[in-house]
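The values are calculated or read from the model by the stated rules, or taken from the named source; none is laboratory data. Computed from a predicted model, the values in this text were never measured in an experiment. Quick reminder, even Gly has a Cβ in these numbers, built from the backbone with ideal geometry, and neighbours come from all protein chains shown.
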Amino acid sequence: MTRGASAPAGSGDDPAVQAVAARALELVEDGAKLGLGSGRAALAFIAKLGLRVQEGLRVVGVPTSSESARAARAAGIPLIDLGEDVVLDLTVDGADEVVPNLDLVKGWGGALVAEHIAASASKRQVILVGREKLVRTLGERGRIPIEVIPLARGPVTRGLRGLGLTPIVRLDPETGRPQLTENGNLTIDCAVGKPLRDGSAARALEAALRELHGVVDTGLFLGTAERVLVGHPDGRVDVLHAAGSAR
């Protein structure tokens, strides 16, 4: 979670969030090494996982934000560093947008770099969302965040405008100053002129963003999700699988 950001709204009374968190727990095997994502759904999963740990389930976790780390410690989940010999069996995380091929936009909460690292170090990434996060094309809900080194703010902003994006530096709601990530960087939220038409367009944009010196990472998570669990207000859960993944 970013410095100065408020904690996500509680999810205790949200049946959709509780349902996907419970379904994700079914995927956890004894002895697993887990990536622990950020946001409401991930925190609900961490809480449920903690109850299972108290009952004897043996797992260790790698949190993707200080908020997730605090929640995991409070729940009694042992935490480890992501050393060179550590491969995560499963990462459970949320998303801000999901398109039919399971490409994602993440990072509205500010932890996109650590979330990318956990995803890349995992055998499987499972995403928990409500149905409102399902979109036809990426950018449909309004913004794609990128993390930027503060020194590069000006040149990167110029480059983003050259790509047809409308960049806005994310501000701390309490101070009105640029909000820093846990890595000490800026988040620039980029509105697209029109939603990205397909996966090829998303990948072309990601490549162009990474060419800008000073861009640390982007909120485009393309091809990382093995499955997406979609919660409904009545507690139902739909399971969406990536093409070619095991059912």
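Of the numbered conditions (1) touching a residue at least 12 places away in the same chain (Cβ under 8 Å); (2) under 19 Å from Gly235 (Cα atoms), Glu26 satisfies every one except a single condition; which is it?
(1)
With respect to Ala191, is the statement that it is under 16 Å from Trp108 (Cβ atoms) and of a type outside the set (D, E, K, R) true?
Judged against the criteria, Ala191 is a match.
Scan segment 37-54 and give yes if some residue there is in contact (Cβ under 8 Å) with a residue 40 or more places away in the chain and more than 23 Å from Pro15 (Cβ to Cβ), otherwise no.
no
Please verify whether Pro173 is touching a Gly at 6+ places or on another chain (Cβ under 7 Å) and either on the phi < 0 side of the Ramachandran plot or not in a helix (DSSP H, G or I) (or both), treating the condition exactly as stated.
So Pro173 does not fit the description; no.
Which ones in segment 139-162 are modelled with pLDDT under 95 and more than 23 Å from Thr64 (Cα to Cα)?
Gly139, Glu140, Arg141, Gly142
Among the residues of segment 120-141, are any in a loop (DSSP other than H, G, I, E, B) and free of Cβ contacts under 8 Å to residues at least 40 places away in the same chain?
So far as segment 120-141 goes, yes, one or more of its residues are in a loop (DSSP other than H, G, I, E, B) and free of Cβ contacts under 8 Å to residues at least 40 places away in the same chain.
Restricted to segment 47-106, and to residues that are among the acidic types (Asp, Glu) and in a loop (DSSP other than H, G, I, E, B), which residue is surrounded by the fewest Cβ atoms within 10 Å (Cβ to Cβ)? So that I can check it myself, show each step before the final result.
Residues of segment 47-106 that are among the acidic types (Asp, Glu), as a first pass: 55, 67, 81, 84-85, 89, 93, 96-97, 103.
Subset that is in a loop (DSSP other than H, G, I, E, B): 55, 81, 84-85, 89, 96, 103.
On the way: Glu55: 7, Asp81: 7, Glu84: 7, Asp85: 5, Asp89: 16, Asp96: 23, Asp103: 24.
Among them, the one singled out is Asp85.
Do we find that Gly159 is without any contact (Cβ under 8 Å) to a residue 60 or more places away in the chain and within 16 Å of Pro195 (Cα to Cα) in this structure?
Values: without any contact (Cβ under 8 Å) to a residue 60 or more places away in the chain: yes; within 16 Å of Pro195 (Cα to Cα): no.
When the stated conditions are applied, Gly159 does not pass them.
When segment 44-76 is examined, which residues are found to be of a type in the set (A, V, I, L, M, F, W, C) and farther than 22 Å from Gln125 by Cβ?
The answer is Leu51, Ala74.
So for segment 168-185 (the condition being crowded, with 18+ Cβ neighbours inside 10 Å, small (Gly, Ala, Ser) and modelled with pLDDT of 95 or more), does at least one residue qualify?
Looking through segment 168-185, none of the residues is crowded, with 18+ Cβ neighbours inside 10 Å, small (Gly, Ala, Ser) and modelled with pLDDT of 95 or more.
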